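Where a number appears in this text, it was derived from the coordinates with a stated rule and is not lab data. Only a predicted model underlies this, so the values are computations on that prediction, with no experimental measurement involved. Here the Cβ positions follow ideal geometry from the backbone for every residue, glycine too, while neighbour counts run over all protein chains shown.
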Amino acid sequence: AEAEGLAGKGAIAPGYDADCVLVDDLASFNVRMTFARGRQIAAEGRMLVLLADPPLNDLTNTVRLAPLPDDVLALPLPSGRARVIRLHPGSLVTDAEEHDVACTNGLFDARQNDGLCKLAVVERHKATGKVGVGILAGYGLRNAAVATSVSHDSHNIVVCGDNDADMLAAVRRVAAMGGGIAVASEGRILEDLPLPVAGLMTHEAPETVVRALDAIHGLLHGHGVPANVAPLMALSFMALPVIPSLKLTARGLFSVADWRFVSVDAAARH
């Protein structure tokens, strides 16, 4: 509290805010009572006061997309050799790899490349129309796509899948919900979770959110995401360009080690 300059916090002493909890012991840490500024607000797992919802007018309707043409996710690879982001289960660190890839009419086709998915980041705050497209290894998603507006730290929409149609369907559902998570397959939305508050949070009860997340995780694992990969957590960090080695932003593929944008086509000079 002192380091962060939180005046009146961090101690039980005269002049402080009297924010404290009473627990059974420090091992189990079972909370019996909770006090805020000297007022008891909870006891034995129950709230004793009503908490009013704050005004959220400025925190909703935050997803603003430029029009997305059907070919916006097309990824030309003239050389047939690509820079690929390698995901590692349980880690935010990625590797930078190079793969020979199969293409259809010069465009990367995830369905022809076992173990590879298409990844995209869509700018969603100012409708700039910026879309970065890359390739992800280790995610395993097949015959489906998932999009989320939770993608640290810029929280643009990040989407992954094995075909453009489902990827666009998932992105458009996220936009229509004002933010959230959506899974699409064969042109249909299979499951979604609206997150209308800044595209990151919801008014729904925790139990409702957990059920939706469990359903989404089950779908993604059922469509090929390995059991040891946390599907949404892993995806949300693919757009964080401060963690090595290779990440994707709405401006394109970023090499953290070289601190510069690079082409997905490994034969390109930039």
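Considered as a group, the residues in the stretch 73-111 that are free of Cβ contacts under 8 Å to residues at least 12 places away in the same chain and of a type outside the set (Gly, Ala, Ser) include one that is surrounded by the most Cβ atoms within 10 Å (Cβ to Cβ), and that residue is ASP109. Of all residues in the stretch 132-145, those that are more than 21 Å from ARG188 (Cα to Cα) have Cβ atoms under 6 Å from Cβ atoms of residues that are buried (at least 24 other Cβ atoms within 10 Å of the Cβ) and small (Gly, Ala, Ser), 6 or more apart or on another chain, in VAL133/ALA120; ILE135/ALA82. Checking each residue of the stretch 244-256 against the condition of being over 15 Å from the mean Cα position of the chain (by Cα), under 30 Å from LEU59 (Cβ atoms) and crowded, with 20+ Cβ neighbours inside 10 Å gives at least one match. As a summary of the residue check, LEU200 satisfies the conditions (1) touching a Lys or Arg at 6+ places or on another chain (Cβ under 8 Å); (2) over 17 Å from ASP70 (Cα atoms); (3) aliphatic (A, V, I, L, M); (4) surrounded by fewer than 24 Cβ atoms within 10 Å (Cβ to Cβ) except for the one numbered (1).
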